[in-house]
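The values are calculated or read from the model by the stated rules, or taken from the named source; none is laboratory data. Because the structure is a prediction, the values reported are computed rather than measured. Because the Cβ atoms are built from the backbone with ideal geometry, glycine has one as well, and the counts that use them run over all protein chains shown.
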Amino acid sequence: MKVLVIGGGAAGFFAALSVKQHHPDAEVTILEKSTKFLAKVKISGGGRCNVCNATFNNRILAEKYPRGEKFLRQAFEQFNAKDTFDWFESRGVALKTYPDNCVFPVANDSQVIIDCFLREAKKTAINLITQQGVEKIEEWREGFRVYTKTDIFEADKLIITTGGHPKKSGFHWIENLGISIVDPVPSLFSFNIEDESLHQLMGNVIENASAKIEGQKLKGIGPILVTHWGLSGPAILQLSAWGARLLEAKNYNFNILVNWLGQQSEIELQSNFKQFILRGENKQIQNFCPFPFTNRFWIYLLHKLGIPLTLKWKELQGKYLNKLINGLINDVFVVTGKTTFKEEFVTAGGIQLSEIDYKTMESKQIKGIYFAGEIMDIDGITGGFNFQAAWTTGFIAGKLG
Ligand SMILES: Cc1cc2nc3c(=O)[nH]c(=O)nc-3n(C[C@H](O)[C@H](O)[C@H](O)COP(=O)(O)OP(=O)(O)OC[C@H]3O[C@@H](n4cnc5c(N)ncnc54)[C@H](O)[C@@H]3O)c2cc1C
């Protein structure tokens, strides 16, 4: 049996190795468009590769995917986060789980993941070919013919793992097969906010915050990072993922409400304020901050809310008290655009999931074609979830039915 894996990224390698595990006699080839395999793995997680997330309950794990939750909940029954752990550790890659459940190689270097894949590919005699971008697929006899600019490849089975694409046109050679594509939109981006005084706080991190889109239920929880163009950090990226389609429809112009105290409610905060006023007493409000903020951030917030810096804590009541409470848990920012690093971190959209069998990753339209990774309409929030989807779908696709 000849198997062609199209796309030499995370999902492609995992799928190819899974083919060799389940069908040792298969002849497996990975075709890669660029000059390098696994380029995204290399730059992932700031060069450290956040391999997966130590969430070992499949239902909770699936909840981390704005698109693909139901599909993956079932797929995780075949290969989940624990399986990822075991897969890498049994192949000599030691992994470490951090307090936020993110899992990285102990070596803190994505290269160890790449080396592992290349070593395993060599051991199992997988053919690796670069600079072959697939442009057309044709059903031919019992299998397929695959066309690149310079060559034609033949195979009995195809696993397509070419990743996301920012434009629908990037999927034309797959659409030509009669397979439906959900329009791609960016996910995981930061928010542009035109506020010079905010920009000056670049680098400030408010560890325990949350953000929501005004008028919506969508919420991002976790650290917020101030950048020189607006706000970023896990809570913002999460919100961008959950709101990917909605925010695109709004042309990235919307308001967000930030709770600088995480999930604290107005009632909780109000009752805590009695103690703050007692503790601050005669101190000027600018000189005593009972919250985990830097002094610069605290002054920024007081300025923004129009609270006199010299006001004493014991004088804090009425209008100013209300303004402060509201500003701490419902701070409004006008977002006027998005910023992505390099390319979009991930794209939402891709092969429509209703056309893929979740048990096998096989196309329901064309038997013998399988999909894995970001090419599918699946994407997760940050924290190792996107690679987990690539490993899970790659592993299942490699079983070939
Ligand atoms: C900067 C950055 C950091 C990230 N960090 C993390 C992280 O730490 N943890 C995490 O879980 N996720 C992370 N992600 C997301 C993660 O990298 C992707 O979800 C994952 O790489 C998807 O794997 P894939 O194999 O489906 O696609 P890709 O990794 O994109 O691989 C697809 C491959 O197919 C090739 N290809 C494309 N078209 C063709 C064609 N026509 N013919 C042949 N080959 C083709 C491409 O050149 C590429 O090599 C990060 C993403 C970025 C951009």
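Remarks
- When each of 228, 172, 199 is tested for being touching a Phe, Trp or Tyr at 6+ places or on another chain (Cβ under 8 Å) and surrounded by fewer than 16 Cβ atoms within 10 Å (Cβ to Cβ), the lone residue that passes is 199.
- Residue in region 295-317 that is among the β-branched types (Val, Ile, Thr), within 23 Å of residue 206 (Cα to Cα) and touching a residue at least 24 places away in the same chain (Cβ under 8 Å) present: no
- Scanning region 342-375 for residues that are within 12 Å of the ligand (Cβ to nearest atom) and among the charged types (D, E, K, R) returns 342, 343, 344, 374.
- Failed criterion for residue 165 (all others in (1) under 23 Å from residue 347 (Cβ atoms); (2) outside any helix (DSSP H, G or I); (3) of a type outside the set (Ser, Thr, Tyr); (4) more than 10 Å from the ligand (Cβ to nearest atom) hold): (4)
- Residue pairs whose Cβ atoms lie under 6 Å apart, sitting 6 or more positions apart in sequence or on different chains, and linking a residue in region 365-389 that is under 17 Å from residue 61 (Cβ atoms) and assigned to a strand (DSSP E or B) to a partner that is at pLDDT 95 or above and near the ligand (Cβ under 10 Å from one of its atoms), are 376/350.
- Options 333, 276, 341, 345; residue that is modelled with pLDDT of 95 or more, among the hydrophobic types (A, V, I, L, M, F, W, C) and on the phi < 0 side of the Ramachandran plot: 333
- Filter result (within 15 Å of the ligand (Cβ to nearest atom) and charged (D, E, K, R)) within region 93-137: 96, 100, 109, 135, 136
- Considering region 1-30, and only residues there that are within 13 Å of the ligand (Cβ to nearest atom) and assigned to a strand (DSSP E or B), the residue that is surrounded by the fewest Cβ atoms within 10 Å (Cβ to Cβ) turns out to be 29.
- Single residue of region 31-79 satisfying the filter (more than 30 Å from residue 128 (Cβ to Cβ), among the aliphatic types (A, V, I, L, M) and outside any loop (DSSP other than H, G, I, E, B)) that is farthest from the ligand (Cβ to nearest atom): 60
- If you filter region 347-364 down to residues that are assigned to a strand (DSSP E or B) and within 19 Å of the chain's Cα centre (by Cα), you find that the one that is surrounded by the most Cβ atoms within 10 Å (Cβ to Cβ) is 350.
- Within region 91-106, the presence of a residue that is among the small types (Gly, Ala, Ser), over 27 Å from the mean Cα position of the chain (by Cα) and either surrounded by fewer than 19 Cβ atoms within 10 Å (Cβ to Cβ) or assigned to a loop (DSSP other than H, G, I, E, B) (or both) is excluded.
- Flag for residue 278 being crowded, with 21+ Cβ neighbours inside 10 Å and either over 18 Å from residue 380 (Cα atoms) or of a type in the set (A, V, I, L, M) (or both): no
- Applying the criterion of being part of a strand (DSSP E or B) and of a type in the set (Lys, Arg) to the residues of region 115-161, the residue that is surrounded by the most Cβ atoms within 10 Å (Cβ to Cβ) is 157.
- Any hit, region 284-295, residues being over 22 Å from residue 208 (Cβ atoms) and not in a helix (DSSP H, G or I): yes
- Test: residue 77 is more than 23 Å from residue 117 (Cα to Cα) and touching an Asp or Glu at 6+ places or on another chain (Cβ under 7 Å): no
- Residue 112 vs. criteria under 18 Å from the mean Cα position of the chain (by Cα) and of a type outside the set (D, E, K, R): no
- Test: residue in region 370-377 that is crowded, with 24+ Cβ neighbours inside 10 Å and in contact with a Lys or Arg (Cβ under 6 Å, 6 or more places away or on another chain): yes
Per-residue answers, yes or no, for (1) of a type in the set (Lys, Arg); (2) without any contact (Cβ under 8 Å) to a residue 12 or more places away in the chain; (3) assigned to a loop (DSSP other than H, G, I, E, B):
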site	(1), (2), (3)
212	yes, no, no
221	no, no, no
238	no, no, no
247	no, no, no
256	no, no, no
267	no, yes, no
274	yes, yes, no
